[in-house]
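Following: one structure in structure tokens, then a few remarks.
Nothing in this text is a laboratory measurement; each read-out follows from the coordinates by a stated rule. Keep in mind that what you see is a predicted model, and the values were worked out from it rather than measured. We place every Cβ from the backbone using ideal geometry, glycine too, and count neighbours over all the protein chains shown.
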Amino acid sequence: MLARTGVIARPGSVTAGSSVGDSSPEAREQGMGVEMNIATFSFLGDSFTVLDCPGSPEFQYEAIAALPACDAAVVVCEADEKKLTALEHTLHMVEEAGVPHFLFVNKIDKADAGLRDILALLQPVSRKPLVLRQLPIWENGIATGFVDLALERAFIYREHAPSRVVEIPAGMRELEAEARYAMLEKLADYDDDLLEQLISDIEPPRDKVFDDLSAELRQGDICPVLLGAAEKGNGVTRLLKALRHEAPFAQQTARRHGIPAGQPCAYIFKTFHTSHGGKLSCARVFNATLAEGASVRAHAAEHRIGGVFSIVGQEPVKRGPAGPAEAVAFARLDSARTGETLLVGKQAGFRIPCPQPPAPVYGLAIAPAERKDEVKLSQALGKMIEEDPSLSIVNNADTGEMVLWGQGEMHLRVSLKKLARKYGVSAEARTPQVPYKETIRKAGEARGRHKKQSGGHGQFGDVVIEIEPRPRGTGFAFSESITGGVVPKQYFPAVEAGVRDYLSAGPLGFPMVDVAVRLKDGSYHSVDSSEQAFRAAGRLAMAEAVPKCAPVLLEPVMRVEISVPSFATSRINAMISARRGQIFAHDAHPARRGWDLIEAHIPEAEMHDLIVDIRSASAGVGGFTFGFDHLAEVTGKLADQIIAGHGIRAA
């Protein structure tokens, strides 16, 4: 598009590393998009801004957050049966956002000649009726051009140049007539006048056909399908003309969002942190002209725009004020975030809806390679999460680890490389530890006596405690049944503190849970007793009692909801069993045709790379959500292995 409209002299190549988009070292290394790229160009006097988003599910929040800013979407796909599952996943995302969209079938020059009925191949993965706008012209099994079914003209592809108009090949006239009639029938489903003309064998005027194509696209009734070969520039001009004549305008997008008439606002669809210019908030402007110094509100916080920039790829270029419908970057909106609506003036609060980032599915425990970089790492991670809200950080209190969560193994690998390149912080990453616990199976009793004499006042504390297991999930409870003042009341909290000291690491080496402790007896010394002594006595009593109470290892078990295409369900069921999981529910997905929902309990120790296997089984599109459910006992050889792996010898 940039080359065809003269923004760049010639098209770049991803494989050669010369493309405007996907220019970051991480994208070059992966050979695919890993973050949004932005470009603006003019075509036949109209200005267009393209938000080029990654297609991988691991980076798809870039597109999810961008869709509310867009008048229309172009979903680029291939006429390849093996990639239909991924296409269905992307189309579902666009359909859920309610954005009018085209389908651009790329690499038509390399398509299998047997796939001539492209519509029949693609329709099952779209909830919207697909309207084939072009019919490929095949020569010796290669697509050399197309017939435009609305224009009723044939075009022969020319590499990196607009196609050449030719006569419709004689052998294609009948096929073209059938395909055009099928297109008109689809349009007539939403236009009674056109339906009446077809029934009466009246050829509709060409302007009527284009009006219907435009109206039904903007209403979200249909999805037009265009063909091309982007590497050679084939089909690009037709796509540009379709966008110019048929795509909705900003005013229609404002109505789609329910923006009150005339209310000035802007929607932030992306956040960048630049090395010299600081934070940039990329936004689509509605009903306003915003210049440097203008005042805007986000979440009731007042901001002054520090500068207005155009973005090409990911490079900012300073410019003048941004008018209605323009997409630009604003500087220094420090507390504004991706997905927020910027309000202008004193109007009541209004928010353009933006879906929340998807739940994380893959985590790595990270730490700075050098301890001096701890603060720098925290600051850099904060900026990265602003740029990519599908990342998150969790500080695990049980293990003491900082865990970076994201959408998959590649997502985190790219993020860590970006962390080192862009922010100069190298981080070490490893599989997060599992927060095992331990408890007891039976009750017991023990005495703990702390007695020490070293000149002057000594130390004396003596307690008898009774411990017993509690129901799972009820936690720790402390009580006392002292009679006769054998242990004074002021020492009860010290005994409890000593008990809690011990609970931080039981005989198996893990924190203890679900235990009840009762202080039932003891003795004290009027001079030598102290809180410190009774705290030590409480800990000693626990150390004496717990090993006799059948300590047992507990592991966290997660409740997991897995969503996959139905063809992958049997593999997922086997995978759950192989991970010591238990399936407790299985049903058709309520919102995804041809998908299943599987609910299961899976030990946290088996969760780390679950998303890798799910995507492998589901052509890259399956996913899951999870949360803690309960603690379960681990016994036998597995328990021994876990304990040994943590450097503790089983009692």
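A straight line joining the Cα centroids of the stretch 523-590 and the stretch 170-234 runs 62 Å. The aspartates and glutamates within cross-link reach of Lys418, meaning a Cα-to-Cα straight distance under 15 Å and a gap of 8 or more places when in the same chain, are Asp22, Glu26, Glu29, Glu35, Glu386, Glu387, Asp388, Glu409, Glu428.
How charged is the neighbourhood of Thr569? Take every other residue with its Cβ under 13 Å from the Cβ of Thr569, and add Lys/Arg as +1 and Asp/Glu as -1. Write down the numbers at each step before the final one.
On the way: positive: Arg571, Arg592; negative: Asp587, Asp596, Glu599.
The answer is -1.
Using a cutoff of 8 angstrom between alpha carbon atoms and counting only pairs six or more residues apart, the relative contact order for the chain works out to 10 percent.
What does the C-alpha gyration tensor say about the overall shape of the stretch 99-248? Classify as rounded when a/c is under 1.5, otherwise prolate if a/b is larger than b/c, or oblate.
Details: a/c = 1.60, a/b = 1.38, b/c = 1.16.
The shape class here is prolate.
Among the listed options (i) 1.15; (ii) 1.11; (iii) 1.06, the one matching Rg/Rh (Cα atoms, Kirkwood Rh) as calculated from these coordinates is (ii). Descending by average beta-carbon neighbour count within 10 Å, the peptides 134-141, 368-375 line up as 134-141, 368-375, the highest first.
Cross-chain or 8 or more residues apart, Cα under 20 Å: how many lysine pairs in the stretch 438-549 fit that? Count them up, please. Present the calculation step by step, with values, prior to reporting the outcome.
Numbers: Lys442/Lys520; Lys442/Lys548; Lys451/Lys489; Lys451/Lys520; Lys489/Lys520; Lys520/Lys548.
So the count of such lysine pairs works out to 6.
Where both bridge residues fall in the chain, DSSP classifies roughly 85% of the beta bridges as antiparallel.
Net charge near Ala639: determine it from the other residues with C-beta under 11 Å of the C-beta of Ala639, scoring Lys and Arg +1 and Asp and Glu -1. Kindly include the intermediate steps, with their values, before the conclusion.
On the way: positive: Lys637; negative: Glu438, Glu555, Glu633, Asp640.
With Lys, Arg at +1 and Asp, Glu at -1, the neighbours total -3.
For a protection proxy built on the mean count of beta-carbon atoms within 10 angstrom, sort 147-155, 249-257 highest first, please. The partial results should precede the final answer.
Details: 147-155: 19.1, 249-257: 17.0.
Going by the mean number of other Cβ atoms within 10 Å, highest first, we get 147-155, 249-257.
Summarise the long-distance tail of P(r) for the stretch 194-294 by giving the % of C-alpha pairs beyond 19 Å. Don't skip to the end; give the middle numbers.
Numbers: 3331 of 5050 pairs.
So the portion of pairs separated by more than 19 Å is 66 percent.
Modelled label positions at Ser13 and Ala230, each set 7 Å beyond Cα in the direction of Cβ, lie 1.6 nm from each other. Listed from fewest to most Cβ neighbours within 10 Å, the set Cys354, Cys265 follows the order Cys354, Cys265. Structure shown: which of Lys110/Lys279; Lys270/Lys346; Lys107/Lys241; Lys376/Lys437 lie over 31 Å apart, alpha-carbon to alpha-carbon? Over 31 Å Cα-Cα: Lys110/Lys279; Lys376/Lys437. A simple packing score, the average count of other Cβ atoms within 10 Å per residue, orders the peptides 278-285, 231-238, 626-633, 177-184 as 278-285, 231-238, 177-184, 626-633, with the highest score first.
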